[in-house]
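The values are calculated or read from the model by the stated rules, or taken from the named source; none is laboratory data. Since this is a predicted model, take the numbers as computed values, not measurements. Cβ: placed from backbone, ideal geometry, glycine included. Neighbour counts: every protein chain shown.
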Amino acid sequence: MYLPGHPKYTLYHMVSLTNKRILLGVTGGIAAYKSADVVRRLRDAGAEVRVVMTRAAAEFITPLTMQAVSGHPAHRHLLDAQAESGMGHIELARWADAVLVAPASANFIAKLAQGLADDLLSTLCLASGAALAVAPAMNRQMWDNPATQANLATLQKNGVRIFGPGSGAQACGETGAGRMIDPLELVTLTAAMFETGELDGLDVLVTAGPTWEPIDPVRVITNRSSGKMGYAVAKAAMEAGARVTLISGPTALAPPARVECLRVMTAQEMFDAVQARIAAANIFIGAAAVADYRPAQAAAGKIKKTADTLQLNLVRNPDILASVAARTPAPFVVGFAAETDDLERNAVAKLQAKHADLVAANLVGRPGSGFECDDNRLMLVEADGTVELPLLSKERAARELIHHIAVRYHAKNPAENPRLAHRQ
Ligand code: C5P
């Protein structure tokens, strides 16, 4: 821990990996003794960490140490029936938001470059769609060897990030390039993997959560939206470089850092807050589960249970998304569709009815995806086709959605940033 005044204090305290799931791969090299510190630093920055060790790594640092610092047993074997019945290797690959291999030995880098999958870690790296980074650590001769350099060039071409190495005195007594970089720097670089810059300079307005429509001073009509998806979307947009305003109905969630959060209660309040902010927005993402109806008149006092039946007279709330899409000029408009069946057909209908650019649809009302849980399976529906994302954490689904939006936004507005317009 760095105290105020230390040169690394600011750096350390700016880094956030809150809610990020980092899979740390440890391979066999003397730098593996530093991996325990990497785990500590990642967790200090807010990440949840799972450790996967190669057989050789366990010769340098014990799985027990890695379990103690990460809070979870270290995963080690590919064909271990017991481990597979807990969190199996495909589940683990899906679980990760990012995979960091630190230290990465010359052997592991070679395996990765070839796409081998002969142990748990190499298999995970192949099976995971998450961002992948390696922190090489090896003797300087091994580092300089043309085979290693060719393998690194392959990794780089394949989009793998290479963190380091540093240079200096080595465990083998030599001096040169090949030292694993400092754990704190690794954490900073890992956090930077999430900062894509795809929405640099753009204003994004996000609605999230349910609305509360008062029946009387103590009762409301609401729905089961937790706000998690909308908050994750706001955070992902911020990490992509946007200035983000989050207009949130009542939720139990803390607003993401560096996002301006306005709290509202009713659909009408959300509508008013959106109208006040929409002119500046380049992109509008309506992730709120806005109540379609509200009681025509909220009772002034608590309604007593005197009668056997009670009738509420409901009136329509304004449609926030449709009102934003009807503006000229309109921002890039993204709606959500929570459906219990006929997902794609309903989403296409919504896209057309609301004149949105994109509808992110998901099934609700079944366990494991949608309302109140941490995972979601999104279908991205646009006029020219549909993309289905796999079951992902809401954080990761939000990042995929933001990437997709960024690509579409820049394709639609090429003059703004010609460099990003060609990104796919
Ligand atoms: O057709 P439906 O209302 O279910 O569409 C859902 C989408 O519309 C969501 O993106 C939601 O945020 C938005 N919506 C809105 N205002 C409403 C109702 C829904 O912005 N009154």
Before we move on, is V359 outside the structural domain of D97 (by TED's automatic domain parsing), within 17 Å of A281 (Cβ to Cβ) and within 11 Å of the ligand (Cβ to nearest atom)?
-> no
Check off (1) of a type in the set (G, A, S); (2) crowded, with 24+ Cβ neighbours inside 10 Å; (3) assigned to a helix (DSSP H, G or I) for A279 and give me the number that stays unchecked.
-> (2)
Is segment 258-268 home to any residue that is in a helix (DSSP H, G or I), touching a strand residue (DSSP E or B) at 6+ places or on another chain (Cβ under 6 Å), modelled with pLDDT of 95 or more and under 28 Å from L42 (Cα atoms)?
-> no
Of the listed residues (V364, V324), the one being at pLDDT below 95 and under 23 Å from M270 (Cβ atoms) is V364
Could you tell me which residue of segment 28-47 is modelled with the highest pLDDT, considering only residues that are under 18 Å from the mean Cα position of the chain (by Cα) and buried (at least 19 other Cβ atoms within 10 Å of the Cβ)?
-> L42
All-but-one check, I303 against (1) in contact with a Lys or Arg (Cβ under 9 Å, 6 or more places away or on another chain); (2) assigned to a loop (DSSP other than H, G, I, E, B); (3) within 12 Å of the ligand (Cβ to nearest atom), failing number (3)
Can you name the residue in segment 318-338 that is part of a strand (DSSP E or B) and more than 8 Å from the ligand (Cβ to nearest atom) and is also nearest to A287 (Cα to Cα) among such residues?
-> V333
Within segment 383-414, restricting to residues that are farther than 25 Å from E91 by Cα and exposed (fewer than 14 other Cβ atoms within 10 Å of the Cβ), the one that is modelled with the lowest pLDDT is P414
Looking at segment 234-272, which of the residues that are of a type in the set (A, V, I, L, M, F, W, C) and closer than 18 Å to Y293 by Cα is nearest to the ligand (Cβ to nearest atom)?
-> A267
Give segment 135-182 a look and list any residue that's within 19 Å of A56 (Cβ to Cβ), surrounded by 15 or more Cβ atoms within 10 Å (Cβ to Cβ) and touching a residue at least 40 places away in the same chain (Cβ under 8 Å), or say none.
-> A135, P136, A137, M138, T148, N151, G178, R179, M180
